[in-house]
Amino acid sequence: MKKIAACHCGAVEIEVAGFPTVVTECNCSLCRSYGVIWAYYDADDVRSLPEAALTATYAWNGRHVDFHRCRACGCVTHWMPRDASRTRRGINARLFPVEVLAAARVRHLDGADTGTYLD
Ligand SMILES: [Zn+2]
């Protein structure tokens, strides 16, 4: 079975090597506003990303990372560093099948202040 995160309208699909068992809810101003919960992956474990034309992006705070959202339905789908040598990616875990997030451990990241996990 393919392991896919899909936006609400289905235009954007991201295939990963495995569903996350640990996810991160960050309280920084952007993540809090988006309401996203991140699953972090190495680039090698993200099997497919959407074509650039399908998403719009937003960047802030130094603009090192682009936050992608579906152009049609607006769901935030993932973030990617602009520097190609940085291999970490964040996928919006809310876009996986509902039982994946229900089973995952949610960790709380204090991105707003200390940058460390609160649990
Ligand atoms: Zn969509």
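The values are calculated or read from the model by the stated rules, or taken from the named source; none is laboratory data. What you see is a predicted model, and the numbers here were worked out from it, not measured in a lab. Positions of Cβ are backbone-derived with ideal geometry, glycine not excepted, and every protein chain shown enters the neighbour counts. Quick note on the areas: whole protein, heavy atoms, side chains included, nothing else; ligands and nucleic acids left out. Shrake-Rupley method; radii C 1.70, N 1.55, O 1.52, S 1.80 Å.
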So ALA93, is it in contact with a Pro (Cβ under 8 Å, 6 or more places away or on another chain) and either within 16 Å of the ligand (Cβ to nearest atom) or not acidic (Asp, Glu) (or both): yes
Filtering region 19-45 down to residues that are assigned to a loop (DSSP other than H, G, I, E, B), touching a helix residue (DSSP H, G or I) at 6+ places or on another chain (Cβ under 7 Å) and more than 16 Å from the ligand (Cβ to nearest atom), which residue is most open to solvent (accessible area, probe 1.4 Å)? PHE19
Filter region 7-18 down to the residues that are open to solvent by less than 30 Å² (accessible area, probe 1.4 Å) and more than 6 Å from the ligand (Cβ to nearest atom), then identify the one that is farthest from ARG71 (Cα to Cα). GLY18
Any residue in region 66-81 that's among the acidic types (Asp, Glu): show its pairings with residues that are modelled with pLDDT of 95 or more and near the ligand (Cβ under 8 Å from one of its atoms) at Cβ separation under 7 Å, as long as the two are six or more apart or on different chains. none
Filter region 98-119 for residues that are part of a loop (DSSP other than H, G, I, E, B) and either among the charged types (D, E, K, R) or touching a residue at least 40 places away in the same chain (Cβ under 8 Å) (or both) and give the result. ALA104, ASP110, GLY111, ALA112, ASP113, ASP119
As an exercise: evaluate ALA53 against (1) open to solvent by 30 Å² or more (accessible area, probe 1.4 Å); (2) within 16 Å of the ligand (Cβ to nearest atom); (3) touching a residue at least 24 places away in the same chain (Cβ under 8 Å) and give the number of the one condition it does not meet. (3)
